[in-house]
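A short worksheet on the structure shown next.
The values are calculated or read from the model by the stated rules, or taken from the named source; none is laboratory data. Note that the structure is a prediction, hence the values are computed from the model and not measured. Reconstructed Cβ throughout: ideal geometry from the backbone, glycine too, with neighbour counts over all protein chains shown.
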Amino acid sequence: MKVKQQTLKAFEFEIDESRAFVEYYTKNAPLLQGYLLMLSGEVSAEVTGFLDEKEAVYIDTNTKSLQMRKKRSTAVLDDTSAKEPSVYSDEITPGKNASVYYRTVRSGEEIYADEELVFFGRINSGAVIECSRSVQIFGIIDGLVRSDGEYLLLKEIGQGSVFFHGEELDKSRFDGKLKLIKYDNGIIFKDI
């Protein structure tokens with residue numbers, strides 16, 4: 001017997017109506033093929049039959065669970081004196097709990113952090129960076145970067161992929177000039 005640990009990419013669906021899910025899947029089938037589908041909510045026989053017909057790989061998370069690397073917090077702060085960060089603020093200095101990398105992140109290297117990250121070197125193909133806070137990358141990105149932080153500061157996406165709050169950034173928006181990316185009900189780009 002041989003055992004290998006794999007990192008999977010998945011799409012999470014919370015299904016309200018079977019018909020709406022089938023329409024969405026049909027429309028986005030090329031994007032969803034080859035990914036694990038994590039289904040919750042109203043997972044009917046119609047949905048599972050449809051996915052079986054399409055030979056999709058899925059799991060009903062209502063009945064089974066997966067070990068997730070991180071969970072998003074749903075806590076609500078009661079402190080009304082806390083200042084809400086402005087989406088258009090130009091304050092992009094890393095906080096006290098930031099890790100700074102002055103080197104290239106090598107292929108196969110994985111960095112998972114709950115603190116701000118700053119990279120001055122290249123992110124090689126096969127490297128993975130996942131961060132729940134803000135990320136600044138001044139080198140070319142050929143690997144995979146995921147962030148749910150307040151902002152991203154990037155110059156260039158090469159062969160890699162960058163996901164910010166679950167949305168993949170369009171590589172054509174990057175021209176080697178520094179860009180500030182924030183999220184407010186959608187991705188907002190600003191030239192620096």
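Scan region 77-99 and give yes if some residue there is closer than 29 Å to ASP184 by Cα, touching a Ser or Thr at 6+ places or on another chain (Cβ under 7 Å) and modelled with pLDDT of 85 or more, otherwise no. No; the residues of region 77-99 include none that is closer than 29 Å to ASP184 by Cα, touching a Ser or Thr at 6+ places or on another chain (Cβ under 7 Å) and modelled with pLDDT of 85 or more.
Of the residues in region 1-48, how many are over 25 Å from GLU167 (Cβ atoms), surrounded by 12 or more Cβ atoms within 10 Å (Cβ to Cβ) and of a type outside the set (D, E, K, R)? Qualifying residue count, region 1-48: 3. For region 114-126, the tally of residues that are out of contact with any Cys (no Cβ under 9 Å at 6 or more places or on another chain) and surrounded by fewer than 22 Cβ atoms within 10 Å (Cβ to Cβ) stands at 7.
Would you point out the residue of region 18-40, among those that are out of contact with any helix residue (DSSP H, G or I) (no Cβ under 9 Å at 6 or more places or on another chain) and touching a residue at least 24 places away in the same chain (Cβ under 8 Å), that is farthest from VAL128 (Cα to Cα)? The extreme case among them is SER40. Candidates are the residues of region 155-192 that are among the polar types (S, T, N, Q) and more than 19 Å from CYS131 (Cα to Cα); the one that is modelled with the highest pLDDT is GLN159.
Within region 150-192, restricting attention to residues that are of a type in the set (Lys, Arg) and more than 23 Å from GLU115 (Cβ to Cβ), which residue is surrounded by the fewest Cβ atoms within 10 Å (Cβ to Cβ)? Spell out the reasoning first.
From region 150-192, those of a type in the set (Lys, Arg) are 155, 171, 173, 177, 179, 182, 190; that's our starting set.
Pick out the ones that are also more than 23 Å from GLU115 (Cβ to Cβ) and you get 171, 173, 177, 190.
Details: LYS171: 14, ARG173: 12, LYS177: 10, LYS190: 13.
The residue in question is LYS177.
Of all residue pairs spaced 6 or more apart or on separate chains, those with beta-carbon atoms under 9 Å, a first member in region 112-126 that is over 19 Å from GLY149 (Cα atoms) and a second member that is hydroxyl-bearing (Ser, Thr, Tyr) are GLY121/TYR101; GLY121/TYR102; GLY121/THR104; ARG122/THR104; ASN124/THR104; ASN124/SER107; SER125/SER107; GLY126/SER107. Report, by residue number, each residue of region 41-64 that is among the aliphatic types (A, V, I, L, M) and touching a residue at least 24 places away in the same chain (Cβ under 8 Å). Listed by number, the residues that qualify are VAL43, VAL47, LEU51, ALA56. The residue list ARG69, ARG103 contains one member that is on the phi < 0 side of the Ramachandran plot, modelled with pLDDT of 90 or more and exposed (fewer than 11 other Cβ atoms within 10 Å of the Cβ), which is ARG103.
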